[in-house]
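Report on one structure; see the data block that follows.
Please treat every number below as a calculation from the coordinates, not as lab data. On a predicted model such as this, the values are computed, not experimentally measured, just so you know.
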Amino acid sequence: MPTIPRSGDTATTLAAAQVLAENSPRKGVARLLPFLGPAFIASIAYMDPGNFATNIQGGAQFGYTLLWVVVASNLMAMLIQALSAKLGIATGHNLAELCRLHFPAPATWGLWVLMEIVAMATDLAEFLGGAIGFHLLFGIPLWLAALLTAAATVIILSLEHKGFRPLEAVITALVGLIALCYLIETFLVRPAWGQVLFHSVVPQFQGRASVVLATGILGATVMPHVIFLHSALLQGRVVVREPAQLRRLFRFETVDVALAMSIAGLINVAMLIMAAATFHRAGLSQVGTLEEAHRTLEPLLGSAASWIFAVSLLASGLSSASVGTLAGQVIMQGFIRRNIPVWIRRLATMVPSLAVIFAGLDPTRTLVISQVLLSFGLPFAVIPLILFTRRPDLMGVLVNRRSTTVVVAIMATLIIVLNLYLIYTTLWGGA
């Protein structure tokens, strides 16, 4: 079985099952509470250090221009995560397991290799982000910060042995901390709200460099590895078979997705707004690294702003590294029925991260490249998700409506087109 928390919360599971009954005495928020949590674990991947890197570069270089990419990416992510949750609820399997059960062996192995590469790129970004957060906050060397990040991640993941609620509580608390930090940052920078509203809905690019960053933002927002994870978080959480209860369960989990992804989307918007309203407005368009952003915030906004930025980055790195490790376990177990101890997988993540640090490579540039790589892996997660959720024999009463399948297929096509355009402009110097 995947290394994800599924047991040890019998009381919570029973409460959830009782709420699904037609005559449940619980009303309002009390009725919703047992179902909140899985989407918040998934949502942390949408505000990881890769998002910091791409959003800060996007805001510093192009101002508010790419805000629409953040908004559109988050709307895509919301629908995709709802489908992933629905898949786990309806089938009792996660996406990786269904790929293994229904695809030919060569396709399964190919998808597994690709998703492992994506998972490693994700782990690299998250691990580097946590290490940079420790470095900025406490002034310790990056190599020591990397070791602290690994230790903290293992401690957080150890909560899974106590059931899913403790881990969900810690991750949700870290999401809340990141949100609070960026609420304060947004208040401090005093953005031009008219431009924010305009660029949130009007698509624009400013040359090939903005397309590269837009692809990075897309890859950092619609995360392929967490599509696999979310289906696993729901596959055994509450088991029901009655059609009415299945529909009711999915409605509750849809609310969970909407809440979690809305918070994640607002945090991503706030990241880009902060960069646009400070660095771009001050003519510092070349602020492209997390270290530069931290250092430059102090003279622009005061020492409190740079400290808040470092705290939010550390919270993001630690929480997303934990979620990334869970996703890697789900992918390995689902595709090839193999499971390895968490500490071994975390050690495997440390090696490339430490190599980047000791080689003197730019950590932020590495983060951005990893996010572009994630965008290339997206179709190979989204397309299987579409194929499975449109099948009545697998999904039963929760099968996609035709309109839902069409919308998600259009989204997948847009992702593929954007990536092909990026390849073209990179290799042949298109505009």
Region 213-265 and region 366-411: distance between their alpha carbon centers, rounded to Å: 12 Å
Name the long-range amide H neighbours of residue 206: under 5 Å, sequence gap of 5 or more, or other chain; modelled H, no Pro or chain starts. 211
Can you tell me, using C-alpha contacts under 8 Å and at least 6 residues apart, the relative contact order of region 34-428 as a whole percent? 40 percent
Quick check: the distance between the Cα centres of region 102-116 and region 311-341, to the nearest angstrom? 19 Å
Rg ratio (alpha-carbon, reference 2.2 N^0.38 Å) - region 174-326: 1.25
What helices does the chain have that are whole DSSP H segments, at least 27 Å long along their own axis by Cα, and with mean Kyte-Doolittle hydropathy of 1.0 or more? 67-91, 105-138, 164-189, 243-275, 303-336, 402-428
